[in-house]
Amino acid sequence: MSDGTLAALSRRLAAREISSVELVAETLDRIDAHQKALNAFVTVDRDGALAQAKAADAARAKGAAGPLAGIPIAHKDVLMTAGLPTTCGSRMLADFVAPYDAHVVEGLKRAGTVLVGKTNMDEFAMGSSNETSYFGPVRNPWDLDRVPGGSSGGSAAAVAARLVPAATGTDTGGSIRQPASLTGICGLKPTYGVASRYGLIAFASSLDTPGPFAQTAEDCALMMNAMAGHDPRDSTSLDRPVEDYTRRLSRSKGARPLEGLRVGLPREYFGKGNDTEVAAAVQAAVAEFVDLGARTVEVGLPAVDLSVPVYYGIAPAAASSNLSRFDGVRYGHRAARYDDLNDMYRKTRAEGFGAEVKRRILVGTYVLSHGYYDAYYVKAQQVRRLIADDYARAWRECDILVGPTAPSPAFRFGDKTDDPVQMYLNDIYTIAANLTGAPAISIPCGFTRAGLPIGLQIQGDYFSEAAILDVAHRYQQATDWHARVPRIAAAE
Amino acid sequence: MTWEVVIGLETHAQLSTASKIFSGAATAFGAAPNTPASAVDIALPGVLPVLNKGAVERAIRFGLAVGATINTLSVFARKNYFYPDLPKGYQISQFEIPVVNGGEIAIVSPTRGEIRVRLTRAHLEEDAGKSLHEDYHGMTGIDLNRAGTPLLEIVSEPDMRSSDEAVAYAKSLHELVRWIEICDGNMQEGSFRCDANVSIRRPGEPLGTRCEIKTLNSFRFLQQAIDFEVRRQIAVIEDGGTIVQETRLYDPDRNQTRSMRSKEDAQDYRYFPDPDLPPLAIDRGWIERVRRDMPELAPMRRLRFSATSREHLVELVKGGAGVDLSEMSDQVYEESNPALQASGQRPTHGLTLADASALVQDRATADYFESTVAGGADAKAAANWVLGEVAAALNRAGIGIAAAPVSPAALAGLLARIADGTISGKIAKEIFDAMWASGARGARDADAIIDAKGLRQISDEGAIERLVDEVIAGNAGIVAEFRAGREKAFNSLVGKVMAASRGKANPGQVNAILRRKLG
Amino acid sequence: MTLTLDQVRRIAHLARIEIDASEADAVHAKLESIFEMINRLQAVDTQGVVPMSHAQDVSLPMREDAVSETDRRADYQRVAPAVEDGLYLVPRVVE
Ligand SMILES: [Mg+2]
Ligand SMILES: [Zn+2]
């Protein structure tokens, strides 16, 4: 019963066909059963979850239940959750218990969701394979020898394996969309500023974006209703009218529901770099869009090719500064032995951070250092604007942009760990939306012959979440890629 | 050959907000360690800064007071370095575009007369915490109460040429920030502290290498530190050495400066715009609202106190403008000068420049004086009393004028009785002491004491004549001496009449009647 | 622009991360390859382009000057490595 969609579970709870306590108990059992194989969770809060479920059932009995009342969800361990460990996948915070809730955590609590646990992730959200977690890698439910993508790999694997109907993630360069693509689920990165960063352990402040994972676009919309909203505690949170992200989903559009939609196909997204099976699946999805009434337009995003170097000129710089607070003074790991203050800092940080995090801190420190700031940091921020300008031009010709989310399906553990640049290139199609701040979603659009999921990325202009979700929803009405379940989850 | 000393100051003024610059924690001094230290102040993971509007408004007020440019768009930047009292590992400050650019402070130099010290900039930033070096098993204790306290860092141009000028500048700035109520100026608590950039050169040559002396929190230390540093630099150069640009610390116990950080650990602060804080936009309307609410500043107030009329005031302001304005009509000038316009509506008092200067030493004294005048007192008399009796009494009590037990209205009530001859000046001092002891807030409090103690002056012609007659009759010897030409004997007779009246007889009348009777 | 081993040591010092001699060469090699990738930006003409440091073109919101926080020291210090008398303890700081 717990493998249903958020929408379905919500209906069954409302109809009192099931209770939250039953649902959550089953969820916890499933998590336990799969934890050894998948390692999707860092923390499971069995007692807390059952208590919340009980409270949700009681609230429903009194007629005071929120829209997602009693539904089990999981949070990426980068989000602060009061009273629960919040590790960020790092030894640095292995024993850290958060004293407050992140804004999106509050929102989902208010909607009535039951938090069952915290999901594993690449350390400090730095990685595309979930291999950098201090708590060991997360395994892809479709093939346990393969990565789930990253950095929100634990949330993606948990939803893909139907351990929870939905989970939160954060996306700085593709960390929601790429794992969604590699695990065959939906992952939305909303417009920057729509969901607050308050309580999200910062990686790259101008790029970090919280968003949902779920089985369907409709479920992502339900999650967004609880996650979005102005937060005066985040100075980059936007003060906009409250939106219902489901508002366009139910509108019937007949046999050609995408009539009039202009689908942009960026030349840069369809080059030689793509795996052939990925390319074929994406082409088939485009054909499906056309069948549903859309027409395609070829567009150019010339500066987008520079997304990866731009990202590595910006994100590590911010990270080097954001991660300076982990100094062993007020919380977190502190080295056991040291000579003096500076030695305490150096050893604490050498021990507390893993290799990839240290690498990015060093890159960022260099980028910002005297004599290099203009050549790297300022230059990257200038090219970032050129990329945003490319997008602004594209929006004059089309309503959405589609292409592959990642150039290849899930790869094997260790395949890219020796070459950071190869790893970074996995985010080549997702980074631009972080640089511009515009929304994008990844939805399943097919499988390789070996049975690995393939993701389709749909990008839109600022604040077009509801429209993107609508397009994805129409596609999911006509296809069933999103309903496929990995064998590991179906085996019960 | 002589050396020329070149000094620029960087002053950190703690802004008088209730809450911190980026968090809702209190800025109160003296709380238990790490209690007004919020999640933002101790830099917990995931927290974000939110700017305090009150801090920005105080920066605007400062900019307007020194005639600076308020930048309608300024940028917060991160200054990155590791130090245990800096919880984020970076300080949020302003780097490339500060909130305030330019402006100047007028000072009086003992050698160069009135000069203007130019300001480079003033920027908003957060303070760090405090390291307590008392022995915690060989460790240092960190208190982050102060972390996140709003600061305005005011940077001057290297326009000062002696420690005297540096002190005059620091005092003038100190007076200003208190006057416009953006900083309490408490130097012991660190609310106002200066870093001095000091270099020496041969006159006419380019600037020498400077050393920065950090965190001087008294005017005396500022003077001593600069004087020591100048002597040190001269000695180094005259010994054939060169000055190394560095940060130095002043040790008041030894009266010397010493190097703080070694050269090989040269800092690289890696400034970059803080991505958590979009650019700070200050719209013209806000600036104008702040301008409208600005208090009249000390220099303008001094001129107004000394002017004899509104026309005279315009003339004084025009004369002090530093440029030839003789072509411009007074009316046009007045319209072009908003400070003058605001002041022009208020009364002039015709005081001496010395009295006017003394009264504007601080805003509360100037306000007390003007309230006394508004209560009906003569300006000259009010000035004498405020700078005389009131100042002395405050001194004895060790309190500020805001806490004076005698209100301006009560003082005006007292001065009115001197003016109308009800009491003599001498009796008035006695009454003032009584008012001070019991507290007096009302205009009629002096009258009540006069009546209760029966101190009303005797001005009745007949009554005084009777007293004079009695004294002449009872002091034949002294009268004879007077008639023999000894003028001193007259004063003795006056004294006797006054004594007979228990001090209440009108001294002028006593004089006149006695002269007439002695013929 | 190539990155020297000395520069790696310097940035490791600035970042307060200890790199022991045995790993220095490997770290250096990986950083070099990353900067080789980033250096692709040098070929782009960005004359007159305003850097984009924020994803949204908005100005800074401000809060009213009011105290909204209460003392939560006990909560916050529960996770601290070393505290005494309410102070965080660190190795002796010498100025
Ligand atoms: Mg400074
Ligand atoms: Zn400063």
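Brief remarks follow.
- Between region A:64-97 and region C:1-60, the Cα center-to-center distance that results, in Å: 33 Å
- Per DSSP, loop trypsin sites (Lys or Arg not before Pro) in region C:4-83 with at most 13 further Cβ within 10 Å: C:Arg78
- Around the amide H of A:Ala98, modelled in the peptide plane, lie the amide H atoms of A:Thr81, A:Gly83, A:Leu84, A:Thr86, all under 5 Å away and 5 or more residues distant in sequence or on another chain.
- By the rule of a C-alpha distance below 16 Å, with chain neighbours fewer than 8 residues away ignored, the aspartates and glutamates paired with A:Lys272 are A:Asp305, A:Asp427.
- Farthest positive-ward along region A:27-76 dipole, Cα basis, beta-carbon charges - from A:Asn39, A:Ala51, A:Ile71: A:Ile71
- Applied to region B:176-185, the Karplus parametrisation 6.51 cos²θ - 1.76 cosθ + 1.60 on θ = phi - 60° returns per-residue 3J(HN,Hα) values of 5, 5, 6, 4, 8, 6, 9, 7, 7, x Hz, with x for Gly and Pro.
- The angle between the Cα long axis of helix B:363-374 and the main principal axis of chain B comes to about 30°, on a 0 to 90 degree scale.
- A simple packing score, the average count of other Cβ atoms within 10 Å per residue, orders the peptides A:318-330, A:391-403 as A:318-330, A:391-403, with the highest score first.
- Among the residues of A:309-319, the average count of other protein chain beta-carbon atoms within 10 Å of the residue beta-carbon is 4.
- Cα gyration tensor shape of chain B, rounded if a/c is under 1.5, else prolate or oblate by comparing a/b with b/c: prolate
- Between region A:275-293 and region B:61-127, the Cα center-to-center distance that results, in Å: 58 Å
- Note, ³J(HN,Hα) from phi for region A:479-485, Karplus 6.51, -1.76, 1.60, rounded to Hz, x at Gly and Pro: 10, 10, 4, 6, 8, 6, 10
- Counted charge near B:Ile450, where neighbours are those whose Cβ lies closer than 9 Å (Asp, Glu -1; Lys, Arg +1): +1
- Average other protein chain Cβ within 10 Å of Cβ, residues A:341-348: 6
- A:Met423, B:Met160, ranked by accessible area, largest first (probe 1.4 Å): A:Met423, B:Met160
- In plain terms, chain B is cut at each of the GluC sites (Glu not before Pro) found in a DSSP loop with at most 11 other Cβ atoms within 10 Å, and the longest leftover piece is B:97-326.
- Inter-part distance where region B:297-342 and region A:167-237 are each reduced to a Cα centre, Å: 61 Å
- Residue among B:Tyr368, B:Ala499, B:Ala419 farthest towards the positive dipole end of chain B, charges placed on Cβ: B:Ala499
- Average beta carbon contacts from partner chains per residue of A:381-388, 10 Å cutoff: 6
- Measuring nothing but protein heavy atoms, the accessible surface of the protein assembly as shown at 1.4 Å probe radius is 50 percent carbon and sulfur.
- Debye intensity ratio in log₁₀ form over the Cα atoms of the protein assembly as shown, taken at each q of 0.05, 0.06 Å⁻¹: -0.45, -0.60
- Surface accessible to a 1.4 Å probe, A:Ser2 within the full protein complex, Å²: 0 Å²
- Across B:Lys496/B:Lys517; B:Lys380/B:Lys429; A:Lys416/B:Lys88; B:Lys426/B:Lys496; A:Lys416/C:Lys30, pairs whose alpha-carbon gap is larger than 21 Å: A:Lys416/B:Lys88
- Proximal lysines to A:Lys54, defined as alpha-carbon separation beneath 22 angstrom and excluding residues fewer than eight positions away on the same chain: A:Lys62, A:Lys109, A:Lys118
- Among beta bridges that DSSP assigns inside chain A, antiparallel share in %, nearest 5: 65 percent
- Probe 1.4 Å - accessible area at B:Arg486, Å² to nearest ten: 120 Å²
- The shape of region A:411-492 comes out oblate: with a ≥ b ≥ c from the C-alpha gyration tensor, a/c is at least 1.5 while a/b does not beat b/c.
- From phi via Karplus (6.51, -1.76, 1.60), per-residue ³J(HN,Hα) for region B:330-342 in Hz, x at Gly/Pro: 4, 5, 4, 4, 4, 5, 8, 10, x, 5, 5, 4, 5
- Chain C: C-alpha gyration tensor shape, a/c 1.5 cut-off, then a/b vs b/c: oblate
The values are calculated or read from the model by the stated rules, or taken from the named source; none is laboratory data. Keep in mind the model is a prediction, meaning the values are calculated, not measured. Please note: Cβ atoms are built from the backbone with ideal geometry, for glycine as well, and neighbour counts cover all protein chains shown. Calculation scope for accessible area: heavy atoms of the full protein, side chains included, ligands and nucleic acids excluded. Shrake-Rupley method; radii C 1.70, N 1.55, O 1.52, S 1.80 Å.
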